[in-house]
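Peer 1: Below is the structure I would like to discuss, written out as structure tokens.
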Amino acid sequence: MSLVDASMLTAAIFFAVYGLACSVECGVALSFLTGGQNQTRKYFTPLWEVTNVFLVFGFTTVAMLFNNALNFLSRALLSTLVVGLFALLARACVVLVLFYWRPDRLPRWGASLFALTCFSIPLSFSAAGVYLLTAEPFWSSLVGFMIMLSVILGIVAIGKLFLDGQSDSKRKWSGLVLYCAWLMVLGSFLPLAIIYSGIGLQKWPIVVLDLLSIVGLFMASLVISGKTNFKLKYYASFVGLAAPLLLAMANRPYLVHAKIKLVDAFGAASYAGAFLVGTAIIFPLVILGLGLFIKLIKTPG
Amino acid sequence: METVAAGRRLIGDTLGFHLFFVLFGVALPLLICGLEAYSIWKKRPAARQTAHEWSKALVVLFIAGAISGTIVSMQFNLLWPIFTSLAGKVVGLSFALEGFAFLIEALFLTIYMLSWKRFTPLQHWLCSLPIVAGSIGSAFAITTVNAWMNTPRGFRLDGNGNPVDINTRQAVFNPAVGTEVTHSILSYLFATTLVLLAIYAWIAWRHNKGRPGPRLQRLMLGLASLAVIFGILVAFTGDRAGKFLAKNEPAKLAAIEGLQQTQTNAPLLVGGTVSGSEVKHALKVPGLLSFLATGHFNGKVTGLADIKPSDRPPVIVHYFFDGMVAIGTIGILIPGLYLVFRRWRPRIAHRKIMLKGLFVCGFLGVIGAEFGWLVTEFGRQPYVIHGVLRTADAVTQNKAVIGLGETFPLLYLLLLALSIFALRKVFHPAEALHEPS
């Protein structure tokens, strides 16, 4: 693997980890809307805002390592990403109000605003991701629609699986249905849309995505039939992390499909190696710390 | 030009807002870590309780800072792509280091906050060390980028304006790093200490009618001593920064003092009003500028006449510089007076007027830090990278930026108001009125 590919994958990993953290937060927001706040209240803390560091890091990686493309990306994506920036600020405001002002009861408007801002952030960044894959806004192509649909379903499914678990029968089913719908879109409709639109993405990552979805659906069928007690949330997280990476791999050799190649955008040959080694050293520590953070949140103090 | 003005306004607002949280984000972890170490070493539960209170405030400030930091990072990339592209090639490693440090700080802060009652005091204190390393490390890394913008080194531009012969080490450790990093980090410590002192002065004034209890007195004594020490260090590094400017950024120094002609025995202008490129009605202290800039009263200081008109910074920086110096002086004098009175005239030390003075110093500390950065940024204009890239050439060509100038500041104000509201909910400095049970 070349330095350029490794740089692209590193950025994708950071965005994927951020997406996963966002999914859990979106799950909390949804549970507030659907009246399940008693079970998920302990996950609601302003400390979640620190997961924004993954977003910063993903952005910094793209901006620093693929700096030759920045001017183009700024012109193309400013309006799309500004929605995410507004949502970031608005979510922080809503979290501060809900957490410190109304710790005992959540007003409906607050829960709705929290959900709206929570969803707007990953959707804004996914819309930017669609632009990189198709060189078009997401509403201009079937592939764009399918990716956005899979992002929405993926966020909701992962969020629900994480927060509802598989113990409560009513909630278990809604999480499972969303999980299956997500994998159907990711494994079937999205590849079909890519073939139909003929945008010329690499095939093997799409095949891997397809296989991952089939395996995920098979596992779901085993869970539904009661043959295994495997926790689907872990597999869902794995697919959630793998999907952006695979789509980025499918877009190779381009950063912006058919417009800017990765090698042309890459402008950090002098220090990219050091950066990637640093990331490789620090990333396991970060994941370990994140695990400890989640454990501490779950454990009563 | 519309996009340039909008871009400048937007990033200016964002950075100004971010700085408010940054100075606490950098300084508070160090102060909390020190206080917790003191509580373990001297077995003082009161100090540990105070550290806990401060850490609750740190969380709220850190969250708002993390959000504004995310916005800063994205705005740099989206609004100033030409600048970020060039800087990314040369000092991109500093941006990355800042990200690493921020990641460590954020992660350990969450663990630190969730483990007050779960870890032993020593284990808990050990958790604070990576937070301190992260906060100081990220401040260091990002200030090296600003220092590089002032004294760009470690590359040359080819015929197409692309940087070649890049030497990252030379770029990161450029000549301005030493003075700028020490001056800025010390000023954050100075400002934060003044703010904490102001809060406790307010508590003493409000709750004790000028007779604070022993715990509150100990806290005020410690914070006033730290404020004086940090203030003197800031003044010392500021003096070094002035000498550095005279040698490496003469245009900035000339604009700060509104000095028209290159001259020896150059006067220092105190106060006055800026009219065009001149400072009028100011108090002139003969030779002092030469002395501060070169170490000799007859030293030669470059004037604006020797700078190309298209390269001259706006003389409005004179206001910011004077404001910064005045605030720094007041910030040393009032806590210093408090310490003197407390030692020899304790009754005067806790009079209303003294406590009010200390309270005002808290606001001034933050304004002083903001003024300091305004001097740095306005003083480098019309360049964003000194002598290399003009601000007007660095902005995005996306016209969408024009419509954003109004909306972001409104959200910043809302976030600031909510942060203060959240601080009032979680941070209870009045606990310092009582000894812990």
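Peer 1: Give me a comma-separated list of calculated 3J(HN,Hα) values for the range A:264-278, in order, Karplus coefficients 6.51, -1.76, 1.60 applied at θ = phi - 60°, integers in Hz, x for any Gly or Pro.
Peer 2: Couplings: 6, 6, 5, x, 9, 4, 6, 9, 4, x, 4, 4, 5, 4, x Hz.
Peer 1: Given charges of +1 on the Cβ of Lys and Arg and -1 on the Cβ of Asp and Glu, with all other atoms neutral, how large is the dipole of the range B:2-433 about its Cα centre, in debye to the nearest 20?
Peer 2: 2000
Peer 1: Between residue A:267 and residues 5 or more places away or on another chain, which pairs have amide H atoms under 5 Å apart, with H built 1.01 Å from N, and which residues are they?
Peer 2: A:66, A:67, A:68
Peer 1: Roughly what angle does helix A:70-100 make with the longest principal axis of chain A, taking Cα atoms, 0 to 90 degrees, to the nearest 10?
Peer 2: Between the helix axis and the principal axis of chain A, the angle is about 10 degrees.
Peer 1: Under a plain spin-label model, where a point goes 7 Å from the Cα along Cα-to-Cβ, how far apart in nm are residue A:184 and residue B:169?
Peer 2: 6.1
Peer 1: Could I ask something else about it? Rounding to the nearest 10 and keeping the result within 0 to 90°, find how far the Cα-based axis of helix B:45-79 lies from the longest principal axis of chain B.
Peer 2: Orientation of helix B:45-79: about 20 degrees from the principal axis.
Peer 1: Other chains near B:414-420: what is the mean number of their Cβ atoms within 10 Å of each residue's Cβ?
Peer 2: Whole-number average of other-chain Cβ neighbours for B:414-420 is 4.
Peer 1: What order do you get for A:261, B:247 when you list them from fewest to most C-beta neighbours inside 10 Å?
Peer 2: Ranked by crowding around the Cβ, least crowded first: B:247, A:261.
Peer 1: Between helix B:2-42 and chain B, what is the angle of the helix's C-alpha long axis to the longest principal axis, kept within 0 to 90° and rounded to the nearest 10?
Peer 2: Long axis of B:2-42 versus the principal axis of chain B: about 40 degrees.
Peer 1: I want to check the label-to-label distance for residue B:120 and residue A:221. Put each point 7 Å from Cα in the C-beta direction and report it in nm to one decimal.
Peer 2: Using points 7 Å along Cα→Cβ, the separation is 5.5 nm.
Peer 1: Same structure, new question: Setting aside same-chain residues fewer than 8 positions from residue B:300, which aspartates and glutamates have a Cα under 18 Å from its Cα?
Peer 2: B:239, B:249, B:257
Peer 1: For the residues A:75, B:48, what sequence is obtained by ranking on other C-beta atoms within 10 Å, fewest first?
Peer 2: A:75, B:48
Peer 1: Calculate the FRET efficiency for residue B:392 and residue A:139 from the Cβ-Cβ distance with a Förster distance of 30 Å, rounded to the nearest 0.05.
Peer 2: 0.30
Peer 1: May I have the count of lysine pairs in the range A:151-295 with C-alpha atoms under 20 Å apart, counting pairs 8 or more residues apart or located on different chains?
Peer 2: 15
Peer 1: Also, I was wondering about something else. Apply the a/c threshold of 1.5 to the C-alpha gyration tensor of the protein assembly as shown and tell me whether it is rounded, prolate or oblate.
Peer 2: oblate
Peer 1: Arranged by the count of other C-beta atoms within 10 angstrom, fewest first, what order do A:118, A:180 take?
Peer 2: Ranked by crowding around the Cβ, least crowded first: A:180, A:118.
Peer 1: Counting Lys +1, Arg +1, Asp -1, Glu -1, what net charge surrounds residue B:305 among other residues with beta carbon under 14 Å of its beta carbon?
Peer 2: Summing Lys/Arg as +1 and Asp/Glu as -1 gives -1.
Peer 1: Here's a follow-up. About its Cα centre, how strong a charge dipole does the range A:3-298 have in debye, to the nearest 20, once Lys and Arg get +1 and Asp and Glu get -1 at the Cβ?
Peer 2: Here the size comes out at about 720 debye.
Peer 1: To the nearest 20 debye, what is the magnitude of the charge dipole of the range B:71-177 about its Cα centre, counting +1 on the Cβ of each Lys and Arg and -1 on the Cβ of each Asp and Glu?
Peer 2: Rounded to the nearest 20 debye, it is 180 debye.
Peer 1: Considering only the other residues whose Cβ falls under 10 Å of the Cβ of residue B:376, what net charge follows from Lys and Arg at +1 and Asp and Glu at -1?
Peer 2: -1
Peer 1: Could you compute the FRET efficiency for residue B:288 and residue B:312, with r as their C-beta to C-beta distance and R0 at 30 Å, rounded to 0.05?
Peer 2: After rounding to 0.05, the efficiency reads 0.85.
Peer 1: Given H placed on each backbone N at 1.01 Å, which residues far from residue A:261 in sequence or on other chains put an amide H within less than 5 Å of it?
Peer 2: Here A:255 satisfy the definition.
Peer 1: Of the options B:329, B:119, B:315, report the single residue whose Cα projects farthest towards the positive end of the charge dipole of the range B:2-433 (beta-carbon charges: Lys, Arg +1; Asp, Glu -1).
Peer 2: Projecting each Cα onto the dipole axis, the largest value belongs to B:119.
Peer 1: At a Förster distance of 30 Å, what's the computed FRET efficiency of residue B:297 paired with residue B:232, Cβ-Cβ distance as r, to 0.05?
Peer 2: After rounding to 0.05, the efficiency reads 0.80.
Peer 1: With θ set to phi - 60° and the Karplus curve 6.51 cos²θ - 1.76 cosθ + 1.60, what are the ³J(HN,Hα) couplings of the range B:189-199 in order, to the nearest whole Hz, using x for Gly and Pro?
Peer 2: 5, 4, 5, 5, 4, 5, 5, 4, 4, 4, 4
Peer 1: Once phi is turned into θ = phi - 60°, what whole-Hz ³J(HN,Hα) does the Karplus curve with 6.51, -1.76 and 1.60 give for every residue of the range B:362-378, x standing for Gly and Pro?
Peer 2: x, 5, 4, x, 5, 4, x, 5, 5, 4, x, 6, 5, 4, 4, 6, 5
Peer 1: How far apart, in nm, are the 7 Å Cα→Cβ label points at residue B:407 and residue A:207?
Peer 2: Output for this residue pair reads 4.5 nm.
No value in this document is a laboratory result; all are computed from the given coordinates. Predicted model only: the values in this text are computed from it and were never measured. All Cβ positions, glycine included, derive from the backbone under ideal geometry; neighbour counts span all protein chains shown.
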